[in-house]
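Engineer: I have a structure I would like to understand better, so I am pasting it below and will then ask my questions one at a time.
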Amino acid sequence: MRDLNHYKPAYRALAKITLLDWMCKKNDCSYPLGGDGLKKDFSHLDQSIPSAWLTAHQVLKKLDLSLIETDQSYITEGDVSLSHIVCSCSHNNLQILVNVNGIALRSLQVKGVRRLADTDNWMIDVHSNISAHLIQPVFDRSWSTATRLNWWKLFDMLHGQVRIDNVLCGSPDLAIPQQVQKRQAENLISSLANVCGFAPSRLADVSTWPLDGSMLTPSAGMLDRKTVVGAATGAWTQIPGTNISILHGELVGLILALVLLKDTRIVDQHKHHLLTNHLNTIQLV
């Protein structure tokens, strides 16, 4: 299961195919590593799902932990099949599968309507809900009466009725594109540095950025609640939780320094020096 984060794209792609096969073919388009998927028993799938994955699922279930994909921006972009949306939403409304069955979806696929992006995308209503927004395609002579009827069935079931929460696994923030999340985080760090009121280090010049991390309590175990703090020349942040380590504080301090140095007046960014006492951080970066 660690291949989901493998540094080689080929291994990472194969692991994602295995996970998608597990989710859509074996579990009715329900995510198996979080939410209701952790409540199920998949031991009977030992011939089709890697045994290590099944063992990991049992451990996650026992510890009440979830393994959630952090980048689900493809859903925001509409790069998700209509059949997956229909199947996912049918868990709460079985009438959807009655009106929009496999035959109806295949007839639409022949006309090029396969993904949500092929029918438009999402819209935000007056109540700030993000729901599916479908636009009627151009009906030419190749569209039979039955195919047009299937389109209107799909429209009635999905348009304005399916919310992005029904498709996502986890917080809706995970659907925000990573570049947007990165920009928001950098703006937050820069804002904190201006309003937190901490004075910069008197021992460091404008091109030197000392950083450090600490954890309370230092002797906390893996499952004990703890707070990790990362700091860089006065700016700081905290990460409360249970599944964190002191390395997170070191990395947060490094991120703070890298973001803040961009706001300095030195044109040549290569002249900056980051001072850290964590060898693993230096080798990793």
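We did not get these values from a lab; they are worked out from the coordinates using the rules stated. Quick caveat, the model's predicted, so the values are computed rather than measured. Note that we place each Cβ from the backbone using ideal geometry, even for glycine, and neighbour counts take in every protein chain shown.
Engineer: Per residue, what volume in Å³ does the convex hull of the Cα atoms of the chain enclose?
Structural biologist: Hull volume normalised by residue count: 203 Å³.
Engineer: Would you give the gap between the C-alpha center of segment 24-46 and the C-alpha center of segment 109-145, rounded to a whole Å?
Structural biologist: 29 Å
Engineer: At 0.36 nm per residue, minus the direct Cα-Cα distance, what do Gln136 and Ile103 gain on full extension? Give it in nm, one decimal, please.
Structural biologist: Gain on stretching Gln136 to Ile103: 9.9 nm.
Engineer: Kindly point out, ordered by number, any Cys in the chain whose beta-carbon has no other cysteine beta-carbon under 4.7 Å away.
Structural biologist: Lacking a cysteine Cβ partner under 4.7 Å: Cys24, Cys89, Cys169, Cys196.
Engineer: Along segment 94-107, what does the Karplus equation 6.51 cos²θ - 1.76 cosθ + 1.60 (θ = phi - 60°) give for ³J(HN,Hα), rounded to whole Hz, x for Gly and Pro?
Structural biologist: 5, 5, 4, 5, 5, 7, 10, 8, x, 5, 5, 5, 5, 5
Engineer: Assuming 1.306 mPa s and 10 °C, estimate D for segment 125-193 with Stokes-Einstein, Rh taken as the Kirkwood radius over Cα pairs, in µm²/s.
Structural biologist: D, rounded to a whole number, is 103 µm²/s.
Engineer: Working out 0.36 nm times the residue gap between Asn194 and Leu63, then minus their Cα-Cα distance, what length gain in nm do you get to one decimal?
Structural biologist: Working: separation 131, 0.36 × 131 = 47.16 nm, distance 4.04 nm.
Stretched fully, the Asn194-Leu63 segment lengthens by 43.1 nm.
Engineer: Sticking with this structure for a sec: Give me a comma-separated list of calculated 3J(HN,Hα) values for segment 134-145, in order, Karplus coefficients 6.51, -1.76, 1.60 applied at θ = phi - 60°, integers in Hz, x for any Gly or Pro.
Structural biologist: 9, 10, 4, x, 6, 8, 9, 5, 6, 7, 6, 4
Engineer: Determine which aspartates and glutamates satisfy two conditions relative to Lys262: a Cα distance under 17 Å, and not lying fewer than 8 residues away in the same chain.
Structural biologist: Output for Lys262: Glu186, Asp205.
Engineer: How big is segment 2-67 along each principal axis, measuring the range of its Cα positions in Å and listing the largest first?
Structural biologist: 31, 24, 19 Å, listed from the longest principal axis down.
Engineer: Over segment 74-166, what is the relative contact order in percent, taking alpha-carbon pairs closer than 8 angstrom and at least six residues apart?
Structural biologist: It rounds to 31 percent for segment 74-166.
Engineer: Expressed as an acute angle from 0 to 90° and rounded to the nearest 10, what is the orientation of the C-alpha long axis of helix 51-63 relative to the principal long axis of the chain?
Structural biologist: Computed tilt is about 70 degrees.
Engineer: Sticking with this one: Angle, helix 178-195 long axis vs. longest principal axis of the chain, Cα atoms, 0 to 90°, nearest 10?
Structural biologist: For 178-195 against the chain, the angle is about 30 degrees.
Engineer: Debye calculation, C-alpha points only, no solvent: report log10 I(q)/I(0) for segment 1-118 at q = 0.09, 0.13, 0.19 Å⁻¹, in the same order as the q values.
Structural biologist: Result of the Debye calculation: -0.29, -0.61, -1.16.
Engineer: For Lys16, what is the net charge nearby, where nearby means another residue's Cβ is under 11 Å from its Cβ and Lys, Arg count +1, Asp, Glu -1? Could the numbers behind the result be given before it?
Structural biologist: Numbers: positive: Arg12; negative: Asp3, Asp21, Glu69.
Local net charge: -2.
Engineer: When Thr18, Thr70 are ordered from fewest to most other Cβ atoms inside 10 Å of their Cβ, what list results?
Structural biologist: Exposure proxy ranking, most exposed first: Thr70, Thr18.
Engineer: Nearest 10 degrees is fine. How inclined is helix 246-261 to the longest principal axis of the chain, computing both from alpha carbons?
Structural biologist: 80 degrees
Engineer: Working out 0.36 nm times the residue gap between Asp41 and Gln179, then minus their Cα-Cα distance, what length gain in nm do you get to one decimal?
Structural biologist: 46.0 nm
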